[in-house]
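Written below as C-alpha cells is the structure these notes are about.
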Amino acid sequence: MQNVVIIGSGCAGLTAAIYAARANLKPLVLEGHEPGGQLSLTTHVENFPGFPDGIMGPELIENMKRQAARFGAEFKSGAVTEVDLSKRPFTITVNGEPHLSKTLIVAAGASARLLGLKGEKELIGRGVSTCATCDGYFFRGKPIAVVGGGDSAMEEANFLSRYASKVYLIHRRNEFRASKIMIDRAKANPKVEFMTPYVVEEILSPQGLVSGIKVRHAETSATKQIELDGVFVAIGHDPNSTVFKGKLDMDENGYLKAKHSGIANVPGVFIAGDVQDHRYRQAVTAAGSGCMAAIDAEKFLEEHKDS
C-alpha cells in the first residue's frame with residue numbers, strides 16, 4: 001500500500017516526488033512511456049531559475065530524480081495501462097502489476113505532435129524544436145521555419161521573428177485554423193513569409209544538424225529546397241490522459257480539468273504539469289504545480305488518516 005503514487009517523471013512529477021518524499025510519504029513514481037518528459041528531449045535549458053549559464057535538459061531531470069531518491073522516493077519504469085479510481089485505495093496497473101495507493105498525483109505530461117518525417121525525432125535539439133519559448137534564443141540571426149496553421153503557429157512565428165533573420169510559416173492548406181487577429185498579426189510581420197499550401201517532405205541534415213527542408217506544393221506537387229537552421233513544429237500537443245477517460249474530468253482536447261488549483265473531481269486525486277496545462281507548458285510552471293499537488297496530497301492524507 002502506497003501513500004502516494006505519482007504518474008509521470010517530468011518536471012511536475014519529479015517536483016511532486018521531492019515534496020512528497022520530504023514529507024516522509026515514500027512516494028512511488030511511475031516513470032511513464034516518456035521517462036523525464038519533454039525536458040529529456042531538450043538540449044540546453046536557459047530559462048529555469050537558478051542556472052545562470054543554463055543546464056542540459058536531461059541533466060536537470062537527472063538532478064531532480066536524484067534529489068527525490070535521496071529523500072526516499074521510489075521509481076518504477078513502464079507506462080500505466082489501467083486505473084481504478086472508483087474506490088480508495090486506488091488501483092494503478094503498470095505492466096500488468098497492480099499498485100494500491102491512498103492518493104494519486106497525475107503528472108503524465110503531454111506529447112508534442114511531430115510531422116512523422118524520417119530522422120525528425122533524432123534532430124530534436126539539433127535544429128528541430130517543439131517549443132519556441134524554450135529554443136528561440138538559439139536561432140539569433142538565422143533563418144527558420146514554423147510548421148502549422150493554428151494560433152500557436154502564428155504566435156510562435158511572431159515570437160521567433162525577434163531572434164531569427166527570417167521565418168517561413170509553412171502550412172499544408174491555404175486556410176488556417178488560427179483566429180483572424182493572429183493571422184493578420186503574422187502577415188503584418190516583415191520577417192514572416194507565408195508558404196501555402198506546402199507540405200514538408202524532408203528535413204535536410206547532412207552533418208546531423210538541420211541545414212534545410214524540402215517542401216512540396218500540395219496542389220502542383222512541385223518541390224523545392226529551402227536553406228535554414230531550424231524547424232519549429234507547431235501542430236499541437238496531445239495530453240497523455242487516455243487512461244483517465246471517463247474517470248477524471250477533461251476538456252474536449254483531453255486535458256485534465258481541476259475543480260480548483262490542482263485538485264481533481266475524484267477526492268484524493270491531484271493533477272499537475274502539462275497533462276492539465278495547454279497554455280504555459282513551461283518547466284517552471286510544471287514544477288510549481290507538482291509542488292502544489294504534493295502539498296495537497298499530504299494535506300488530504302492528514303485529513304483522512306483514519307479512513
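The values are calculated or read from the model by the stated rules, or taken from the named source; none is laboratory data. These numbers come from a predicted model, not from an experiment. Using ideal geometry, Cβ is built from the backbone for each residue, glycine included, and neighbour counts are taken over all protein chains shown.
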- prompt: Here is a list of conditions, (1) modelled with pLDDT under 95; (2) more than 22 Å from Arg113 (Cβ to Cβ); (3) among the small types (Gly, Ala, Ser), and Ala297 meets all of them except one; can you say which number that is?
  reply: (1)
message: Could you tell me how many of the residues in segment 249-307 are small (Gly, Ala, Ser), in contact (Cβ under 8 Å) with a residue 24 or more places away in the chain and farther than 20 Å from Ser101 by Cα?
response: 7
message: What's the number of the only condition in (1) touching a residue at least 60 places away in the same chain (Cβ under 8 Å); (2) in a helix (DSSP H, G or I) that His99 fails to meet?
response: (2)
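Residue by residue, here is whether (1) in contact with a His (Cβ under 9 Å, 6 or more places away or on another chain); (2) of a type in the set (Val, Ile, Thr) holds:
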| site | (1), (2) |
| --- | --- |
| Asn47 | no, no |
| Gly57 | yes, no |
| Arg70 | no, no |
| Glu74 | no, no |
| Ala79 | yes, no |
| Val83 | no, yes |
| Ile92 | yes, yes |
| Ser111 | yes, no |
| Leu117 | no, no |
- prompt: Taking strands (runs of 3 or more DSSP E) that fall entirely within segment 125-220, which contain at least 2 residues that are more than 25 Å from Asp274 (Cβ to Cβ)?
  reply: 166-170, 192-195, 198-204, 212-217
- line: Residue pairs within 7 Å by beta carbon, gap of at least six or interchain, first lying in segment 27-39 and β-branched (Val, Ile, Thr), second in a loop (DSSP other than H, G, I, E, B), listed first then second, are Val29/Ser9; Val29/Ala73
query: Quick one: how many residues across segment 199-252 are among the charged types (D, E, K, R) and in contact with a helix residue (DSSP H, G or I) (Cβ under 7 Å, 6 or more places away or on another chain)?
result: 1
- request: Select, from Leu228, Leu209, the only residue that is in the same structural domain as Ser161 (by TED's automatic domain parsing), touching a Phe, Trp or Tyr at 6+ places or on another chain (Cβ under 9 Å) and over 19 Å from Arg113 (Cβ atoms).
  value: Leu228
- line: A careful count of residues in segment 242-281 that are out of contact with any Cys (no Cβ under 8 Å at 6 or more places or on another chain) and part of a helix (DSSP H, G or I) gives 5
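Okay, residues lined up against (1) surrounded by fewer than 18 Cβ atoms within 10 Å (Cβ to Cβ); (2) closer than 18 Å to Ile144 by Cβ:
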{"position": "Asn158", "(1), (2)": "no, yes"}
{"position": "Arg162", "(1), (2)": "yes, yes"}
{"position": "Val167", "(1), (2)": "no, yes"}
{"position": "Ile170", "(1), (2)": "no, yes"}
{"position": "Met182", "(1), (2)": "no, no"}
{"position": "Lys191", "(1), (2)": "yes, yes"}
- line: For segment 243-293, the count of residues that are in contact with a Ser or Thr (Cβ under 7 Å, 6 or more places away or on another chain) and of a type in the set (Gly, Ala, Ser) equals 7
message: If the requirement is being buried (at least 20 other Cβ atoms within 10 Å of the Cβ) and either out of contact with any strand residue (DSSP E or B) (no Cβ under 6 Å at 6 or more places or on another chain) or not assigned by TED's automatic domain parsing to the domain that holds Ser152 (or both), which of these qualifies: Gly116, Gly13?
response: Gly13
- request: Being more than 17 Å from the chain's Cα centre (by Cα), assigned to a loop (DSSP other than H, G, I, E, B) and of a type outside the set (A, V, I, L, M) is the filter here, so list the residues in segment 22-69 that pass it.
  value: Asn24, Lys26, Pro27, Pro49, Gly50, Phe51, Pro52, Asp53, Gly54
- prompt: If the Cβ limit is 6 Å and pairs must be 6+ apart or interchain, which residue in segment 67-93 that is closer than 18 Å to Ser241 by Cα pairs with which residue that is assigned to a loop (DSSP other than H, G, I, E, B) and of a type in the set (Lys, Arg)?
  reply: Leu85/Lys247
field: segment 221-232: number of residues that are under 19 Å from Met154 (Cα atoms), touching a Gly at 6+ places or on another chain (Cβ under 7 Å) and either part of a strand (DSSP E or B) or modelled with pLDDT under 95 (or both)
entry: 2
- request: Look at segment 40-56 and say how many of its residues are without any contact (Cβ under 8 Å) to a residue 60 or more places away in the chain and closer than 25 Å to Val128 by Cβ.
  value: 6
